[in-house]
Amino acid sequence: MISDTDVLLSHHDLGLVFLSIAIAIVASYTALSLSGRVTVAVGRIRKLWLSGGAIAMGIGIWAMHFIAMLAYNLPVAIHYDLPLVLLSMGVAIVASGIALLVVSREFGLPQLIAGGSVMGLSIAAMHYTGMAAMRLAATPEYDPKLVVLSLAIAIGASLVALQLAFRLQKATTAQGQWQVGGAIVMGFAIAGMHYTAMAAVSFRHNQQLLKNPAPAIDNTLLGIAIAIATLVVLMLALVSSTFDQRLLAETARAEALRQSEERFRSLVQNASDIIAVIAANGRVNYTSASIKRILGYEPDAWQHTFDFVLQEDQAIAAALLDKAKNYPNVNISAEFRLRTARGQVRDFEVIVNNLLHDPAVAGIVTTYRDITERIQAAKFQLQQTERELLVAEITRRIRQSLDLTTILNTTVAEVRQFLQTERVFIYRFEPDWSGIVVVESVAPEWNSIAGKNIKDTFFSHPGNRELYRQGRIQVVDDIYTARLNPCHADLLAQLEVRANLVVSILKEEQLWGLLVANHCSKPRQWQLIEINLLQQLATQLAIAIQQSELYQQAQTELAERKRAEAEISYLNADLQNRAAELELANKELEAFSYSVSHDLRAPLRAIHGFSRILLKDCTAQLTPEAQRYLQLVQANAQQMGCLIDDLLTFSRLSRAPLKKQRVEPSAIVRQVLIDLAEEQKNRHVEITIEALAACEADPALMKQVWMNLLSNALKYTHKNTAAHITIGCQQDNMGHHVYFVKDNGVGFDMQYAHKLFGVFQRLHRAEEYEGTGVGLAIVQRIIHRHGGRVWAEAQVDRGATFYFTL
């Protein structure tokens, strides 16, 4: 006996549980299949698939749920409220419709989450509506946590289902495996949601709730019946989906085939090539409309494969056809020529493929591709290459020699051989713009014009010369039809010319001459390649001419240089001989000077000594006139002694080695002024010593320089009431130190400045200013030995300045 407070114990029918899971998997598989049909369908068909799919999926999901409810057993009888059961089925259909609507659209992540949530909540609503349809003597109690978990499972399962549906739409490989796997996952997820929700409820017995129970129905039989009915519905949906899918695929293939045929037909009709289908006997069964555009014939005018083939190429065409018969289904090609409706000849590349065994074709498919331009381009390229090689070869031969005559002769010979013409010559302009044929290559049967002076009045006008300087080319195929100037035509006729080709030769942008090719026997149509060749050779010839002239100029300059070098060598040898003679003479002169100076000292000392004794001891016996004579003898002997000393000093300067060291000119100057103190007695002399830069010099010789310059300054200012002497140093434009001694003495006339530094040269009388005339010569020799120079500037009665550098 069950009391009203007892919780009823439940258990499940495992058979129905497994059946419900199977129904869930089949329903999921059907849902994934139907989602694809809804996605690709459009218009009214899409609405039908959306409605039918929603009903089939809804019934499948509801059937799984209701069978699972029938598997739930309690110790009391369970009945169901039919309206609520039908309502739960309607909720399942709505949820399925939402799912199909979501997967048939291109939604983003937010829309996917919203659709999954609505679908999950709808499934949960279906379940709990079905729970509400239960009628039994018990009161249900729900565990909130498990209820929430069931809702989460429902939403999660819905999201997984939608994601799988989207994945299947984009999958290109292994789509069936994805669909089966997805159906299993979804089926277990839906079943899991249901059984979680069932675990969330417990029933407490209440006898008062069901007073008039209806007769019980066997749940197992009812579940099996519902399962069978549901499976029938789902199978019908699957069969319909599969049939529609295959029908759509066949329709798409048929449409693709139709479009392909249309494209092929359009391609054939508008192809840039001629396409023909030829029977085994050579008869043309089909010709594309492009033959009209390419050859000018109507498509039905081509009856046999050899109809338009040139006679000399028909053997090639026949060999190609025979080869095609022997090798079916293989592309074989050959090249031959066809004649157009206008009689022109065109080159074609012909590709054949034997499809006689193919019932759809039953012929040899032949493609004719016009390659005339390609052949011509290849020929032109070959000619271009040959021309470039020829130009290079002729250029090489031209440049093998730097002799101008050889260059010109090689050019005309090579050009005449290439052009196969009767005469080629080079015409060089004279200053009056007449010209001479400097070289010529001519066939034996025609007269030579080599060396002939030709006056063409055309070049007398500067404007005409300018045309040729700018690159004008004269191309005359026939002098009698070219409408030439009558004078020019007569000139060419006199030279036996019938066809004429003339290009200019420019040297340093100036018109030097002409390179001319003549055809004498008959008219000739000059080809573009021949014209271009002559132009290029004229350019190379101009370069070779310039190089030859430069070479000749260089040879002349070299010969002149060798002659000059020989003359210089002769002069150097003569100079060396003279220098040696001069050096020997100088040595002999110095030896003589030294010897004379040394030998003169003894008699001078005797003269000076005896005259001094006579003046001292015999003054009383001598008349005044005799005393004056003895004084003159004594003074001249003393002067001669000074002169001898200076000569000895001067001669020693050339022999004595330099002993350069760093010296301070200021110290030397002060020492010299001390030595010259005697010459400053009883005089008013103002001496200014400015800053003097240190230098590298021989101190003894530098003292001699300062001694001579300062003694001269004191000597030539002794008549001044106040003498001013300045010793200083300044820099010239090259940064060299220039030392100077400036005085305010008698000066000198600058026109005699060149005599200042000569030996025994004096610009003042000895009676006025004593001296030997050697002092400044000594200064110059010392300065020159130091690598410097010495000079003077002066004005008469306004002083003099002596400068020197080291």
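Couple of notes before you dig in:
- Residue in segment 498-519 that is surrounded by fewer than 17 Cβ atoms within 10 Å (Cβ to Cβ) and assigned to a loop (DSSP other than H, G, I, E, B) present: yes
- The listed residues are 350, 345, and the only one of them that is in contact (Cβ under 8 Å) with a residue 12 or more places away in the chain, among the aliphatic types (A, V, I, L, M), in the same structural domain as residue 282 (by the TED database) and under 15 Å from residue 275 (Cα atoms) turns out to be 350.
- Test result for residue 39, modelled with pLDDT under 65, of a type outside the set (Asp, Glu) and touching a helix residue (DSSP H, G or I) at 6+ places or on another chain (Cβ under 9 Å): yes
- Of the residues making up segment 78-87, just one is in a helix (DSSP H, G or I), open to solvent by less than 50 Å² (accessible area, probe 1.4 Å) and either at pLDDT 80 or above or farther than 18 Å from residue 27 by Cβ (or both), namely 84.
- Contacts under 9 angstrom Cβ, first residue in segment 462-476 being basic (Lys, Arg), partner in a strand (DSSP E or B) and open to solvent by 60 Å² or more (accessible area, probe 1.4 Å), 6 or more apart: 469/510
- Qualifying residue in segment 446-463 (condition: over 19 Å from residue 546 (Cα atoms), of a type in the set (Asp, Glu) and under 52 Å from the mean Cα position of the chain (by Cα)): yes
- Per-region count, segment 528-574, residues in contact (Cβ under 8 Å) with a residue 60 or more places away in the chain and closer than 30 Å to residue 381 by Cβ: 11
- The residues of segment 401-413 that are in contact (Cβ under 8 Å) with a residue 24 or more places away in the chain and either more than 21 Å from residue 543 (Cβ to Cβ) or surrounded by 20 or more Cβ atoms within 10 Å (Cβ to Cβ) (or both), listed by number, are 407, 408, 411, 412.
- Just one of the listed residues (418, 425, 459) is free of Cβ contacts under 8 Å to residues at least 60 places away in the same chain, of a type in the set (Phe, Trp, Tyr) and either buried (at least 19 other Cβ atoms within 10 Å of the Cβ) or not in a loop (DSSP other than H, G, I, E, B) (or both), namely 459.
- When segment 618-630 is limited to residues that are surrounded by fewer than 13 Cβ atoms within 10 Å (Cβ to Cβ) and modelled with pLDDT of 80 or more, the one that is nearest to residue 774 (Cα to Cα) turns out to be 628.
- Test: residue 296 is small (Gly, Ala, Ser), outside any helix (DSSP H, G or I), surrounded by 13 or more Cβ atoms within 10 Å (Cβ to Cβ) and out of contact with any Pro (no Cβ under 6 Å at 6 or more places or on another chain): yes
- Selection count where residues are among the acidic types (Asp, Glu) and either open to solvent by 40 Å² or more (accessible area, probe 1.4 Å) or farther than 19 Å from residue 418 by Cα (or both), scope segment 436-456: 2
- Scoring residue 384 on the criteria (1) in contact (Cβ under 8 Å) with a residue 40 or more places away in the chain; (2) under 27 Å from residue 280 (Cβ atoms); (3) outside any strand (DSSP E or B) leaves a single failure, condition (2).
- Residue-level analysis places residue 700 outside the set of residues that are assigned to a loop (DSSP other than H, G, I, E, B), at pLDDT below 95, open to solvent by 20 Å² or more (accessible area, probe 1.4 Å) and of a type outside the set (Phe, Trp, Tyr).
The values are calculated or read from the model by the stated rules, or taken from the named source; none is laboratory data. What you see is a predicted model; the values in this text were computed from it and never measured. Note that each Cβ is placed from the backbone with ideal geometry, even for glycine, and that neighbours are counted across all protein chains shown. Accessible surface areas use protein heavy atoms only, side chains included; no ligands, DNA or RNA. Shrake-Rupley method; radii C 1.70, N 1.55, O 1.52, S 1.80 Å.
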